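No value in this document is a laboratory result; all are computed from the given coordinates. What you see is a predicted model; the values in this text were computed from it and never measured. Positions of Cβ are generated from backbone atoms using ideal geometry, with glycine treated the same way; all protein chains shown enter the neighbour counts.
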């Protein structure tokens, strides 16, 4: 049964504001499916935002679809601690700040550094004396003027001074200090970042007294983020380690990003009949955040098919329809109208905003098809079927 439905003028800004009435005359059944013709004035079509396009041949990619979140691997979580106790006198960075390797986070004061430096200077002066005395006592011992034991005792004392000095130097080096006798030495040392990333959390503040090994801050290395995805058991045989994954995130839905599968869990999640898939993001994308929801797909094959933008397809009761522009019609004293034919179709694969249209025996490239506004036309068609439209 072919019906023609004419929509009365719309109030601008309202989609379903017109109240209509209907009476129908049945015509002989010509086809098993039902097509409808809808009419809009040019003004109505412009206000609704109707746009047209045509079917196009495109190389659509058949894909396995996965969903999940961005996660941080254990290797990307870095704890900042101190190698020496002391009191924080300054905090240089803020939580959430992007940081580079080597940037200062805290300045810490420990007066023991002054004692170590003083001890080192004293030992250094003593070592200078002992080096000379060892040489002198060796000569005296060789000539049997001085006992050999005295020489040997000085060698031991000299070596102990060296070892103590080296120990002090190593302790100072751990906090970035070097012994000095020029009067510029101070009791402050810096705690700096050993990795680039994001300063996620601070656990110490100005005035805090810290011990060696205390956890002071947490850094996220976001150069190696992972995707934690779920794949249905029916799709898992299509996946393999090393496969490329294309995905997008909520913060950048239009940007297509890439990752590669690192491993696939061997055990099924019986609660939702799925397998966990882990992938490493290929490069560090600035807008990708830990915990962000992602939609991903893995390309399994490509094929050339007839397509339309997904917005061109409207659904009703599980069936798919498109609207084709037929002709413009003008009656005397009335505004020009555009007629649309509602045609049932079947759909196939969808990819990057386009969807496969099949069969296409009733559609050709010359047809002007509604690519934006199909949802409105479908809603109005359903409304008028309920008894509010003019049917001829």
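Sequence gap at least 6, Cα distance under 8 Å: using those rules, report the relative contact order of the range 111-186 to the nearest whole percent. Please report the intermediate quantities before stating the final value.
Values: 48 pairs, mean separation 32.8, N = 76.
Answer for the range 111-186 is 43 percent.
For the chain, what does the helix formula give at 222 nm: sum of -39500 (n - 2.57) over DSSP H segments with n ≥ 4, over the residue count, nearest 500 deg cm²/dmol?
Calculated from helices alone, the mean residue ellipticity at 222 nm is -6500 deg cm²/dmol.
What angle do you read, to the nearest 10 degrees and between 0 and 90, between the alpha-carbon axis of helix 112-142 and the longest principal axis of the chain?
40 degrees
By how many degrees, between 0 and 90 and to the nearest 10, does the Cα long axis of helix 374-383 differ from the longest principal axis of the chain?
50 degrees
Work out, step by step, the length gained on full extension between residue 347 and residue 214: first 0.36 nm times the residue separation, then minus their alpha carbon distance; give nm to one decimal.
41.8 nm
Is the range 111-186 rounded, prolate or oblate when judged by the Cα gyration tensor, a ≥ b ≥ c being the square roots of its eigenvalues, rounded requiring a/c under 1.5 and prolate requiring a/b larger than b/c?
prolate
Quick check: pseudo-label points 7 Å beyond the Cα along Cα→Cβ at residue 290 and residue 140, how many nm apart are they?
About 6.7 nm, to one decimal.
If each of residue 375 and residue 182 carries a label point 7 Å out from its Cα toward its Cβ, how far apart are those two points in nm?
Output for this residue pair reads 7.1 nm.
Match the structure shown to one of the listed values [x] 83, 47, 39; [y] 95, 50, 42; [z] 137, 45, 39 of Cα extents along the principal axes in Å, computed from it, and give that label.
[z]
If neighbour count is taken as other Cβ atoms inside 10 Å, put 267, 340 in order from fewest to most.
Neighbour counts put them in this order, fewest first: 267, 340.
Please report the projected area of the range 147-222's Cα convex hull averaged over all directions, in nm². Mind showing how you got there, number by number?
Details: hull surface 34.2 nm².
Answer in nm², one decimal: 8.5.
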